[in-house]
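Here is the structure we will look at.
No value in this document is a laboratory result; all are computed from the given coordinates. Fair warning: this is a prediction, and the values are worked out from it, not measured in the lab. Cβ placement follows ideal geometry from the backbone for every residue including glycine, while neighbour counts extend to all protein chains displayed.
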Amino acid sequence: MVKKTLCLVAVVALFLTLSAVAQRTAAPSAINRNALGDLHVRSGNPDAPPANCSPCLFYAGDWDPASSWVAFFNGTDTGGLDGTVYVPFTVPAGQTFNVNGLFTNNLALNINKVDPKTSPWEVRQGIAEGTGGTQVAGGSANTKFAPTGRNYQNTYFEYYAQVKVPIFQLAAGSYWMAVTPQCTNANDSACSTAYYYITDTISRTNHVGPAEPKNMSFHNAPVFGLNWTNVCNEGYAPPACSFMSAGLTGKRTH
């Protein structure tokens, strides 16, 4: 399957015309500021890590709407679109993470909720180009979907999708995490025009915990022809593809 490319005309049509299902086939696997209109208008970052990351084991950092950002499709809707971005993180040597929650920060286009109010989540090891490695933990959990306070042009708003999960332990090592917001209720008309895109974090403002491994996020979205594909192989060069905005809550032991 040939990867979808970002075409400005197609993307503008996508976000201005919400009714025609046929046009949804042009939905891109990633979007950038040029696609939404490069007007240099933004809402700024707070000067502290997000309150929802508490106690905060890991937070990759804030999205900066004024940067040369790229956001990657991370969601499921009733129009047949389905994709998940897996964000890398590290448990340092000599530590154990006791995880009780995960979240991703996402641009939500044409939608301000998830429906149903649950989201799939995962932690995996061994992801590489073309392979998903092994699931360490995962499931579906009740989701808090709320604004981060950041937006682009006061029109496109970022939300965090956060799940609380039964505590599980992660020993020292390399992992990937995912939380995939969804709007899959066939009786909810809003779900037919819902798009979720995980945001990047070029500046890594308000980062907490071990640094996110650089250029190591992966995208599994067969509908876009992406089968465990490094996001930096989708046509966007670093630093836009280098770090995705996500986090873990819980406590560490030594």
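Which order do the peptides 137-150, 172-185 come out in when sorted by mean C-beta neighbours inside 10 angstrom, highest first?
172-185, 137-150
Kindly provide the helix-only [θ] at 222 nm of the chain, computed as the sum of -39,500 (n - 2.57) over DSSP H runs of four or more divided by all residues, to the nearest 500 deg cm²/dmol? It would help to have the intermediate numbers written out before the result.
Numbers: 2 runs with 13 residues, N = 254.
Taking each H run of at least 4 residues, the total per residue is -1000 deg cm²/dmol.
What's the ranking of 238-248, 186-196, 217-227 by average number of surrounding C-beta atoms within 10 Å, highest first? Please report the intermediate quantities before stating the final value.
On the way: 238-248: 24.4, 186-196: 17.5, 217-227: 20.5.
Averaged packing, sorted descending, gives the order 238-248, 217-227, 186-196.
Please name whichever of Cys53, Trp228, Ala186 sits farthest to the positive end of the charge dipole of the chain, dipole taken about the Cα centre and charges placed at Cβ: Lys and Arg +1, Asp and Glu -1.
Value: Cys53.
From the list [x] 64; [y] 36; [z] 29, can you say which value of percent of Cα pairs over 27 Å apart was derived from the structure given?
[z]
Whole-Hz ³J(HN,Hα) for each residue in the stretch 159-171, computed from phi via Karplus 6.51 cos²θ - 1.76 cosθ + 1.60 with θ = phi - 60°, x for glycine and proline: what do you get?
Each residue of the stretch 159-171 in turn: 10, 9, 10, 10, 10, 9, 10, x, 4, 9, 9, 10, 6 Hz.
Taking +1 at the Cβ of each Lys and Arg and -1 at the Cβ of each Asp and Glu, which of Thr148, Ala211, Gly250 sits farthest along the dipole of the stretch 8-253 towards its positive end, judged by Cα position relative to the Cα centre?
Gly250
Pull up the DSSP beta bridges for the stretch 8-253 and report the antiparallel fraction as a percent, rounded to 5.
Once the DSSP bridges in the stretch 8-253 are tallied, antiparallel ones form about 95 percent.
Could you order the peptides 158-167, 120-129 from most to least packed, using the average number of other C-beta atoms within 10 Å per residue?
158-167, 120-129
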